[in-house]
Structures are given as C-alpha cells and as structure tokens.
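Q: This structure is in structure tokens; I'll ask about it shortly.
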Amino acid sequence: MDDHDKRKQFSPETLMMSYGYNPQWSEGAVKCPIFQTSTFVFNTAEEGKAFFEIAYGMRDQKPNEKLGLIYSRLNNPDLEILEGRLKLWDKADACAVFESGMSAISTVFLEFLKPGSLLLHSKPVYGGTDHFIHHILKGFGIHTVGFHPKMSEQEIIQLVEDTGHSDQLALVYIETPANPTNALFDLSMARRIADRFSRDDAPVYLAVDNTYMGPLWQHPMEHGADLVVYSATKYIAGHSDVIAGAVLGNHELMARIRGLRTFLGNMAGPWTGWLLMRSLETLKVRMDTQTRNAQKIAQFLNGHPKVEKVYYLGLLDESQPQQFAIYQEQCKAPGAMISFDIKGKEKDAFTFLNNLTIIKLAVSLGSTESLVEHPATMTHVDVSEEDRAMLGISEKLIRLSVGVENPDDIIWDISNSLDKV
C-alpha cells in the first residue's frame, strides 16, 4: 500500500491540516503561504502550449501528464489546495470556489439553464436566490416554478406538467433545510422527479444548496444530488470575515462549472483561498460545538411562555412524520439554525431583537458568534407577500444562528431579552 492509499484512510478533519500541500514547495513552511500573484512562469514554450491546450479543452490530458499553473483566473495554488480539501467532506470528484455564495449559485443557473428552459425549485430559498430566480432568470426567458415542502411527489410532477414546459425542465434546485423555516425536502424524491423528466439527450440535473447544514451534517450527493452548492461565507469560513462560495460535483459537470467561472471571472482569489484553508482546520470542532449549543437553546425556547413555536430539526418527532422521516434519512445532526415565532407582532419581535447583548443583530449565519435577524423585513424582504404568508415567514418569525459561546450565556441573553417583550 503506497502513501496515497494510506492517506485515504484518514478522516477529513485530519486531512484539513495538510492535504494537497508539501512544505518543501515553500521553504518548509508548515502552512501553505498566500500565492499573491496574477501569473506564473513557464519553463519552456512547449510547456506553456501544453498547459493552454488542456486548459481550453483542445485535447485531453495524457496519462501521467502533469498540469501546471497559468494565470490566477484559471488556477492558483491556494485555490487548488483548498478545492482539494473541500471535496473530501462530500466525497466529490471536484470543487470550484467562488468569491461569494451568490456567484456560485448564479454560475450553476447560468451554466445549466438557457432561454426556454424550465427551473423547478424549492420554496422558500435564501432571499438572494429568490431574487435571482424571479427577477434575473425571467429576464433571460427562463421559466421557473416553485414547490413547497408539504407537496407530494405526484403534486410536484403535476405542477411541472401544468407549466406547459415539462419537456424543457433542465434543473431541479433544492435548498434543504430551507432558509429560514428549517423545512426539509426529500432529496431522493427530487432525484426521482429529475429522472422522470430527463431525456437521453437532455438530462435533468439536481443541485442542492447545503449551506444550512454545512459539509458536516448532510451530504446531498449520497441522496442523488449532482451538484452541491455552498455559501462558504457561512460554516466553511465560520468567522464572519470572508465572502465566498463553492460548488462540488463529478468531473464532467465541474468541468462545465469551472469553464464558465473562467470566463465570468468570479473565482476566489488567493487571500480568500488562504483564509478558507485556515477555517477548514477548525470546521468540525466549531460545528460540533454549535450543534450542541443549539440543541440546548432550542429546548429552552420550546418551553418559554413568550415563544409560540420553535422550528428546529432537533425537535422533530413522530408528530411530524414526513419531516421526521426525511430528517432521519438525510441529516447527521440537527444543525445550529433555529427559527421561532415570538408571541405577538413585528413590534414584539423588534423589542426582543433590540434588547440582546451577546447575540448580534446581523444577517449571515454559521459563524463563531451567535447572530439573529428578522427574515420578513431583512433577508427575505424581497420574497412575495403571498409566498411569505404561505411559507410561514411572518412578522413574528426570528432566525437565530447559534455560535460557539457558552450556551448558558446565550440562554441568559435570550431570556433577558424575552423579559422585555
């Protein structure tokens, strides 16, 4: 057994420290340095020619032929090492990292949809994704239709057929758990729907936004997803100091994603890549702590007299059989995102938000510090009133991203603020 085979046996959290990097490349530096350069020197003109032929798809890479670096819009050591590490969590063939979550999402849409295509998507989704679907894609002549978590497989199939564009379905896009309601969608069912409308010359792909669960708590490719999308700003970066996105999948699809990324120019830079590599080293430690904290906090909220309802995966049971079954099948932990309805109206929600001291009132999620926001007037303000009402994104809904602080301190802060309501 060679050294490469031995390394495969290690856990991802172990490999985050060193995978893909050799200290001998950088004067023995134990950590990969920042390769802050725009371009790279070729040893010979023949080498440069070979690199470009492969980069632009003019020929396949020969056996044992090593690819070199050309230009940081195409590849960069920080980016390549980072992408190699990220793919380990989801057991993907390849990864592409972007300068934001929305650039990752929009690149997927633009690569797999064209004028006349139909997009089938879950509801609700992140507010930026919702805006891109309903305002940007429609401007390109792309048809869209959304389904909610209570719909059956047959109802969704009928929904697609009723559009009159079922033969043009090209992409199924799922965000699960949904932001901000924590509603779960059955990925195996989504896979069956995609396959039902696939044609030999036009497969229907399934892309899953896994941001809410991060690389640790759910692995969509195990349940039929072709592509996994992340806002790497969230759990992957985890410190509220980086904006980034990532897409993972098989070699064929990722070649398409990487190709479009090259010409859109929305790849992550070396500084972003270096910061994300730093964050990956503590990913499991952070996320394990966050979900433990969240479970304790959800139990507290669930018993508080001023809280009407708590939306948290860890509280699911047989009283919600459909959601509970999906949770048991797909999720490896209940996560660290909690939403809850406060008793009252918008002013009561705002009173609660305005009196917090430890928890910060800010959008985003998945960071070391706990964050709280009001979806109806902040992240999801652009979602139609009709959809907000149907999906439960009301004026009394509050979204909490649980951090790594002492959970008793977070509970004190929540309790103290609820006392002011």
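Q: State the number of residues belonging to the stretch 190-219 that are hydrophobic (A, V, I, L, M, F, W, C) and either surrounded by fewer than 18 Cβ atoms within 10 Å (Cβ to Cβ) or assigned by TED's automatic domain parsing to the domain that holds Leu313 (or both).
A: Qualifying residue count, the stretch 190-219: 1.
Q: Within the stretch 55-73, identify whether any single residue is in contact (Cβ under 8 Å) with a residue 12 or more places away in the chain, outside the structural domain of Val204 (by TED's automatic domain parsing), surrounded by 17 or more Cβ atoms within 10 Å (Cβ to Cβ) and touching a Ser or Thr at 6+ places or on another chain (Cβ under 7 Å), and answer yes or no.
A: Taking every residue of the stretch 55-73 in turn, at least one turns out to be in contact (Cβ under 8 Å) with a residue 12 or more places away in the chain, outside the structural domain of Val204 (by TED's automatic domain parsing), surrounded by 17 or more Cβ atoms within 10 Å (Cβ to Cβ) and touching a Ser or Thr at 6+ places or on another chain (Cβ under 7 Å).
Q: Here is a further query. Suppose the filter is modelled with pLDDT of 90 or more and outside the structural domain of Ala255 (by TED's automatic domain parsing); does Ala45 pass it?
A: Details: modelled with pLDDT of 90 or more: yes; outside the structural domain of Ala255 (by TED's automatic domain parsing): yes.
Answer is yes for this residue.
Q: Consider Lys138 carefully, then state whether it is in a loop (DSSP other than H, G, I, E, B) and out of contact with any His (no Cβ under 6 Å at 6 or more places or on another chain).
A: no
Q: Something else about it: Considering the stretch 176-222 alone, what residues qualify as being of a type in the set (Asp, Glu) and either closer than 30 Å to Ala376 by Cβ or in contact with a helix residue (DSSP H, G or I) (Cβ under 8 Å, 6 or more places away or on another chain) (or both)? Break it down stepwise before answering.
A: Residues of the stretch 176-222 that are of a type in the set (Asp, Glu), as a first pass: 186, 195, 200-201, 209, 222.
Correct list: Asp186, Asp209.
Q: If Phe112 satisfies every condition in (1) over 19 Å from Phe263 (Cα atoms); (2) crowded, with 18+ Cβ neighbours inside 10 Å but one, which is the exception?
A: (1)
Q: Would you point out which residue out of Ser18, Ser100 is under 25 Å from the mean Cα position of the chain (by Cα), of a type in the set (Gly, Ala, Ser), at pLDDT below 95 and buried (at least 17 other Cβ atoms within 10 Å of the Cβ)?
A: Exactly one residue qualifies, and that residue is Ser18.
Q: From Gly141, Gly128, grab the single residue that is small (Gly, Ala, Ser), surrounded by fewer than 19 Cβ atoms within 10 Å (Cβ to Cβ) and in contact with a helix residue (DSSP H, G or I) (Cβ under 9 Å, 6 or more places away or on another chain). Reasoning before the result, please.
A: Working: Gly141 fails: in contact with a helix residue (DSSP H, G or I) (Cβ under 9 Å, 6 or more places away or on another chain).
Among Gly141, Gly128, only Gly128 is small (Gly, Ala, Ser), surrounded by fewer than 19 Cβ atoms within 10 Å (Cβ to Cβ) and in contact with a helix residue (DSSP H, G or I) (Cβ under 9 Å, 6 or more places away or on another chain).
Q: So for the stretch 187-201 (the condition being touching a His at 6+ places or on another chain (Cβ under 8 Å) and free of Cβ contacts under 8 Å to residues at least 40 places away in the same chain), does at least one residue qualify? Steps first, please.
A: Applying the first criterion (touching a His at 6+ places or on another chain (Cβ under 8 Å)) to the stretch 187-201 yields 187-188, 191.
From what is left, the residues that are free of Cβ contacts under 8 Å to residues at least 40 places away in the same chain are 191.
Yes, there is a match, as at least one residue in the stretch 187-201 is touching a His at 6+ places or on another chain (Cβ under 8 Å) and free of Cβ contacts under 8 Å to residues at least 40 places away in the same chain.
Q: Against the condition at pLDDT below 95 and either under 26 Å from Thr107 (Cβ atoms) or in contact with a Cys (Cβ under 8 Å, 6 or more places away or on another chain) (or both), how does Asp195 come out, does it pass?
A: So Asp195 does not fit the description; no.
Q: Restricting to helices (runs of 4 or more DSSP H) lying wholly in the stretch 1-88: which have 2 or more residues that are within 24 Å of Ile236 (Cβ to Cβ)?
A: Here the list reads 3-8, 12-15.
Q: Right, something else. Which residues, counting only those in the stretch 26-54, are surrounded by fewer than 12 Cβ atoms within 10 Å (Cβ to Cβ) and of a type outside the set (D, E, K, R)?
A: Gly28, Ala29, Val30, Ser38, Thr39, Val41, Asn43, Thr44, Ala45
Q: Which residue is nearest to Met151 (Cα to Cα), if the candidates are limited to the stretch 114-135 and must be touching a residue at least 60 places away in the same chain (Cβ under 8 Å) and in a loop (DSSP other than H, G, I, E, B)?
A: Ranking the candidates gives Lys123 first.
Q: Evaluate the stretch 57-64: report whether one residue or more is at pLDDT below 95 and in contact with a Gly (Cβ under 9 Å, 6 or more places away or on another chain). Don't jump to the end; show me each part of the working.
A: First pass over the stretch 57-64, keeping only residues at pLDDT below 95: 57-64.
Filter once more, so that each one left must be in contact with a Gly (Cβ under 9 Å, 6 or more places away or on another chain): 57.
Yes - at least one qualifying residue is present in the stretch 57-64.
Q: Tell me the residue from Met151, Met189 that is assigned to a loop (DSSP other than H, G, I, E, B) and among the aliphatic types (A, V, I, L, M), please.
A: After applying the criteria, what remains is Met151.
The values are calculated or read from the model by the stated rules, or taken from the named source; none is laboratory data. For clarity, every value in this text was computed on a predicted model and none was experimentally measured. Positions of Cβ are backbone-derived with ideal geometry, glycine not excepted, and every protein chain shown enters the neighbour counts.
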